[in-house]
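Let me begin by presenting the structure, written as structure tokens, before commenting on it.
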Amino acid sequence: MPKNNNNDSPESTEQIEIVPPIKGSETQAFIIDVSLTHLGRALYPILNPVLAKMSGLNAFLQGLLAASTVVMTVLAPIPMSHAVSKHGGKKQVLGLLTGALVGMTALTTLSAVTDITAINSFGWEYGVILGSGLLMGCGPSVYSLILNALQWAKKPQHISIIQSSYGGIADFAGVLTPIGVLYLGSYGYYIPFAFYTGLLACSLPMAFLFIQPPPYLQLYKHVSATRARELAILHGQLPFMIHDEKEDSMPTVLRRQFETLFTYQGMVLNFAFFMALGGLLATETILPTLLRNGFNASQTEAVFIASGANFVGILARSPTSLLINKIANYTDYIHLLGTSLTATGMGLLAFDGGSPVSLYGGMLLSGIGNSIAIVTTTNLAITLSEPKNSLLKKYNPNTMMGLIGVAGTAGGVALPIVSGLMIQANKEEGYKNYFLLIMALVFFSGFLICLLNRVAEHRKGESIFGGSMNFFHRVANRARNLPLTRHYIFRDNPDNSSALKK
């Protein structure tokens, strides 16, 4: 009888683990995700050159058209973020891009058969543009793909690089798109609209072929969660960027978001983002119309001023992020600086908008201020998700970011409509009143953020009310401790050195 080989015994047989190869890479994820997001973001301001030329249409109807491209993205950040975190979001992205393609096709067809700038009342042609804008608003919702790009990062320093470059490249669509539509529109607006329709058609196969979920989500389908995590880390995925949200259902996510809304953090951060991101979206959508009708700017001048303000704002984001990294304890004061610049810009437009200095200076200051406020609010949302004050609840940063994303896009819907109502009711005075309203709300936003930061750092035995009342006194004390102040004010007066220790 032949000898039994130990290798053939059941006890010595090892189960072979079959691990599929990882599809995609960090570079591929960044390129495809940021390309689709840039194209989607281009649909926010695509109508603003047309609106700036619709002189016969009343202000309220113009405001509705401007807001239409933002409406569909108000609730998109929460379900899209969940879908991307759970399985990559490819199907959802394809659905959103298809909706945007249908809207662009309808708009292109209408602009080919009629002069859409001549529309001066609510009719079927206006209805087609409004419906097209609503569908086109699906496109910007693919911004949530940034979560996918971040989860492919292989080095911690790549996180901040991806965030800043992703946002800058995507938002640059708000600078280029209106200018392109303005110049190509001189040959007929159907030409630039057809161009973007073609790009959207090409984006569908691109999304289908190249969007890949991060390594962990690919491996999770074939091995256990623990083993998938181990293999993903071996592949290069950062451990802290691996999030298992398989157990989180959509009702659970929505309930968590709703609960956050009624916390200190949620209410204040939502209001701040409503003004910051809402102001940015209003710059892209309705501002050229306001400049054309309220300040007698030409269509070309109005479009370039709005795009220029957006461009300056994009340039201001990186320095703001670097400044926050250097002096993280002063983030709330940096936010106050941003809101002060925005409010000053709005004041110039409201009180002396007729002069070129006020017009260009106001837009410059508001563009920079808005971007600073966006960066600081985003940073504070992450920081305040785990406040030091034990009375405040702790929340996942993704929960905070999803909620303020909703608030920001809601501001992009509300502000154009509010401007239309105010102008419709008060005619010429409505332009001034609108900018005054924004000025007041922005100031209030800055104060609330600083007060929230005070509440979040509240310690036992210390009065929150007393601390908030002494806010400007603390601003002066902190300013006195800045390096430049130390060097230029206290260097020749050693007796004041004790003040620096307080």
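Could you compute the FRET efficiency for residue 444 and residue 225, with r as their C-beta to C-beta distance and R0 at 35 Å, rounded to 0.05?
Working: r = 46 Å, r/R0 = 1.30.
Here the calculated transfer efficiency is 0.15.
Estimate the FRET efficiency between residue 191 and residue 298 by the formula 1/(1 + (r/R0)^6), using the beta-carbon distance for r and 25 Å for R0, to the nearest 0.05. Mind showing how you got there, number by number?
Numbers: r = 21 Å, r/R0 = 0.83.
Efficiency, rounded to the nearest 0.05: 0.75.
Counting only protein heavy atoms and using a 1.4 Å probe, what share of the accessible area of segment 298-362 belongs to carbon plus sulfur, as a whole percent? Display every interim value, and only then the final one.
On the way: 1920 of 2780 Å².
The nonpolar share, carbon plus sulfur, comes to 69 percent.
Hey, got a sec? Which chymotrypsin sites (Phe, Trp or Tyr not before Pro) in segment 92-155 land in a DSSP loop and have at most 14 other Cβ atoms within 10 Å? Walk me through the numbers on the way to the answer.
On the way: sites: 122, 124, 126, 143, 152; in loops: 122, 152.
Within segment 92-155, the qualifying chymotrypsin sites (Phe, Trp or Tyr not before Pro) (loop, at most 14 other Cβ atoms within 10 Å) are 122.
In nm, to one decimal, how far is the modelled label at residue 315 from the one at residue 27, with both set 7 Å along Cα→Cβ?
Using points 7 Å along Cα→Cβ, the separation is 3.1 nm.
With 19 Å as the limit, write out which pairs from 23/91; 91/221; 53/432 have Cα-Cα distances beyond it, or answer none. Let's see the in-between values first.
Numbers: 23/91 17 Å; 91/221 17 Å; 53/432 21 Å.
The answer is 53/432.
When ranked by the protection proxy of mean other Cβ atoms within 10 Å per residue, highest first, what sequence do the peptides 81-92, 24-35, 194-205 form?
On the way: 81-92: 21.2, 24-35: 18.8, 194-205: 17.1.
Highest mean packing first, the order is 81-92, 24-35, 194-205.
Using a 1.4 angstrom probe, figure out how much accessible area segment 194-237 has per residue, in square angstrom, rounded to the nearest whole. Before the final figure, lay out the partial values.
Details: 2190 Å² over 44 residues.
Per-residue accessible area for segment 194-237 comes out at 50 Å².
The values are calculated or read from the model by the stated rules, or taken from the named source; none is laboratory data. Since the model is a prediction, treat every value here as computed from it, not as a measurement. Here the Cβ is made from the backbone with ideal geometry for all residues, glycine too, and neighbour counts use every protein chain on show. Just the protein is used for accessible areas: all its heavy atoms, side chains included, with ligands, DNA and RNA removed. Shrake-Rupley method; radii C 1.70, N 1.55, O 1.52, S 1.80 Å.
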